[in-house]
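Step one of this worksheet: look at the structure below.
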Amino acid sequence: MMVRDARAAEMPRVGELRVRTYTEQGLLGPGSDYAHTLRRLGDGSGDRVLVAVEGGSLLGTATFKPYREDSEVAHFPDEAELRAVAVAPESHRRGVGRELVEATLRVAREYGTRRLVLSTQPAMTAAQHMYEKMGFVRIPERDWSPYRGLTLLAYERALDGSCGNSPR
């Protein structure tokens with residue numbers, strides 16, 4: 001398995017992988033508006049879309065989004081977001097998600113990011129466990145709701161050697 005930047009020609013496959021993964025996990029209902037977001041995330045936006053590949057197979061993806069005024073969880077210029085981590089269902093339990101997050105942490109350091117933040121659905125307990133094992137901590141004051149009935153849980157990982165919930 002190799003993790004690298006996605007190629008422009010792969011972006012449609014990356015978007016479909018995200019939608020299929022979220023749908024098969026019961027996290028995305030039919031006709032969801034978020035499917036469109038998942039398909040387009042990182043496409044021409046200046047974000048870094050990473051992919052895990054093996055041979056010709058796309059195993060998973062993660063997106064690094066530097067801080068911008070429209071960031072959902074990153075509130076400060078020294079922060080960046082980890083978005084849309086998705087591992088193909090047939091590739092679960094192979095360490096693909098962990099490799100993608102590790103690669104995103106490396107990218108964040110390259111950008112001089114001091115804190116990588118993310119949000120996750122409450123039902124994504126396996127992902128939450130992985131994030132916690134990788135040093136991410138909950139920041140409940142940044143939990144947010146993209147629409148009525150769903151509250152996303154926020155996490156952060158400090159990259160400057162400190163641990164969690166840095167004072168502001």
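The values are calculated or read from the model by the stated rules, or taken from the named source; none is laboratory data. Remember, predicted model here, so these are calculated numbers, not experimental data. Glycine gets a Cβ as well: all are built from the backbone with ideal geometry, and neighbour counts include every protein chain shown. Surface areas here come from the heavy atoms of the whole protein model, side chains and all, with no ligands, DNA or RNA. Shrake-Rupley method; radii C 1.70, N 1.55, O 1.52, S 1.80 Å.
Extending 7 Å from the Cα toward the beta-carbon at both GLU69 and ARG40 defines two label points whose distance is 1.9 nm. Centroid-to-centroid, using Cα positions, segment 74-117 and segment 140-160 are 15 Å apart.
Fully extended, how many nm does the chain gain between ARG13 and SER32 (0.36 nm per residue separation, minus their Cα-Cα distance)?
Numbers: separation 19, 0.36 × 19 = 6.84 nm, distance 1.86 nm.
Full extension from ARG13 to SER32 adds 5.0 nm.
Counted residue by residue at 0.36 nm each, then reduced by the alpha carbon distance between them, the extension gain from PHE76 to ASP160 reaches 28.7 nm. Taking every protein chain into account, the 1.4 Å probe leaves LYS133 with about 140 Å² of accessible area, to the nearest ten.
When only the Cβ of Lys, Arg, Asp and Glu is charged (+1, +1, -1, -1), the dipole of segment 21-145 relative to its Cα centre reaches about 300 debye.
For a test of the definition: using alpha carbon positions, the gyration tensor, and the 1.5 limit on a/c, classify segment 1-119 as rounded, prolate or oblate. Cα axes put segment 1-119 in the oblate bin. The simple spin-label model puts a point 7 Å past each Cα toward its Cβ; for GLU110 and VAL137 those points are separated by 2.8 nm. Computed over segment 78-167, the percent of Cα pairs more than 15 Å apart is 59.
Judged by the gyration tensor of its Cα atoms, with axes a ≥ b ≥ c, segment 4-58 is oblate; a/c meets the 1.5 cut and b/c is at least as large as a/b. Projecting the Cα atoms of HIS75, GLY95, PRO12 onto the dipole axis of the chain, where Lys and Arg carry +1 and Asp and Glu carry -1 at the beta carbon, places GLY95 farthest toward the positive end.
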